[in-house]
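Presented below is the structure to which this report refers.
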Amino acid sequence: METVKIIVAGPRGRMGREAVHLVGRTEHFELAAVLDNKNDGKNLSELEGFQGFDAPVYTNIEKCLQETGADVLIDLTTPEVGYYHTKTALEYGVRPVVGTTGFTKEQLKELEEICEEKKLGCIIAPNFAVGAVLMMKFSQMAAKYFQDIEIIELHHDQKLDAPSGTAVKTAEMIAEVRETKKQGHPNEKETISGARGADYEGMHIHSVRLPGLIAHQQVMFGSDGQTLTIRHDSYNRASFMSGVKLAVETVVKIDTFVYGLENIIE
Ligand code: NAP
């Protein structure tokens, strides 16, 4: 396989750090540069925890894209920054692999249109853990038989967006096979606002935030006399890296917009 030149945006973050190590240990990947919001002009090897990683640090994405000739940008930053990075990468002909969550529907649509116009691959995945993708697929299967569904997503307390991208994606996949139904008692009333969670076409999404957690989700189904619970747990951020690797290997071969890892795993 040809070497893929990669920029990692957000290298000092929890996910970005794992991604830098993934690139470093993968034979056909090369770390072209990292995009940080500080440390401009330094070498990555000068930063704590990156000894032996020889790559320039940029804070300006345009300059980084112009000077590095990278094939792929892996973005693991924040929703606003990630959106700007993805759009700019596409404008420079660099294929994005985006793990950053919290993009709006309008932003996703706009990015899809740019990909179509430029005929460039772009993969955005709210969850790169293969087990989480299976949890979403199994939930979609179960939703054909159970209409009453509560999605409970649990994350560490530093997460910026709620509900999680995975919970939203799960709800969207379920909505493809489930007729809209308002769940619970028709006259139910929240005595404390938010008690029933977010409402997505009548099903409910609950976001738990606690230190100690990483990324977890359970989807509960109920019908007469029975419940079914489908649960996935990511215990560390390494759990996402096989999905990131697959996305990088795939994005260089495609010229379309892909949203969700489930669309690229067999
Ligand atoms: P994090 O630890 O807060 O890392 C985010 C990093 O982005 C920080 O180092 C931050 O730097 C940096 N950053 C902010 N603005 C920047 C800019 N303009 N240029 C470059 N870097 C910038 O968060 P995380 O836990 O790694 O998560 C990152 C994203 O991935 C989030 O959106 C999260 O929801 C998502 N995520 C996705 C998956 C998946 O499988 N798709 C899994 C887990 C998390 P400072 O600290 O200096 O601000």
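The values are calculated or read from the model by the stated rules, or taken from the named source; none is laboratory data. Just so it is clear, the model here is predicted, and its values are computed rather than measured. Note that each Cβ is placed from the backbone with ideal geometry, even for glycine, and that neighbours are counted across all protein chains shown. Ligands, DNA and RNA are stripped out before the accessible areas are found, and what is left, the full protein with its side chains, is counted by its heavy atoms. Shrake-Rupley method; radii C 1.70, N 1.55, O 1.52, S 1.80 Å.
Structure above, values below:
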quantity	calculated
Using distinct alpha-carbon pairs, which all enter the 1/r mean, Kirkwood radius of the chain in Å	19.4
Positive dipole terminus of region 36-178, leading residue within V130, L160, T68 (C-beta point charges)	V130
Förster-model FRET efficiency, 22 Å R0, A195 and Y145, C-beta, rounded to 0.05	0.20
Cα centroid separation, region 169-245 to region 61-109 (Å)	28
Neighbour-limited loop hits for GluC sites (Glu not before Pro), region 127-182 (at most 14 other Cβ within 10 Å; DSSP other than H, G, I, E, B)	E179
Three-way shape label, region 130-234, alpha-carbon gyration tensor, a/c 1.5	oblate
Dipole of the chain [Lys/Arg +1, Asp/Glu -1 at C-beta], most positive-end residue of M220, V252, A143	M220
Region 130-234 - percent of accessible surface contributed by carbon and sulfur, probe 1.4 Å	54
Where the chain is the region considered: accessible area per residue in Å², 1.4 Å probe	49
Within straight-line cross-link reach of K181, aspartates and glutamates at Cα separation under 17 Å, skipping those fewer than 8 residues along the same chain	D148, E150, E172, D199, E201, D224
Estimated inter-spin distance, K105 and E2, nm [label 7 Å along Cα→Cβ]	3.8
Cα→Cβ-extended label distance, 7 Å offset, between E176 and K119, nm	2.7
Spin-label model distance (nm) - Q183 vs E91, 7 Å beyond Cα toward Cβ	4.2
GNM result for the chain, Cα springs below 10 Å: residue of I151, I230, I205 fluctuating most strongly	I230
Per DSSP, loop chymotrypsin sites (Phe, Trp or Tyr not before Pro) in region 108-163 with at most 12 further Cβ within 10 Å	Y145
Modelled label reach - V208, point 7 Å along Cα→Cβ, region 69-105 residues with backbone N closer than 17 Å	none
Nearest-20 debye value, region 130-234 charge dipole, Cβ charges on Lys, Arg, Asp, Glu	120
Length added when fully stretched, E67-V81, from 0.36 nm per residue minus Cα-Cα	3.0 nm
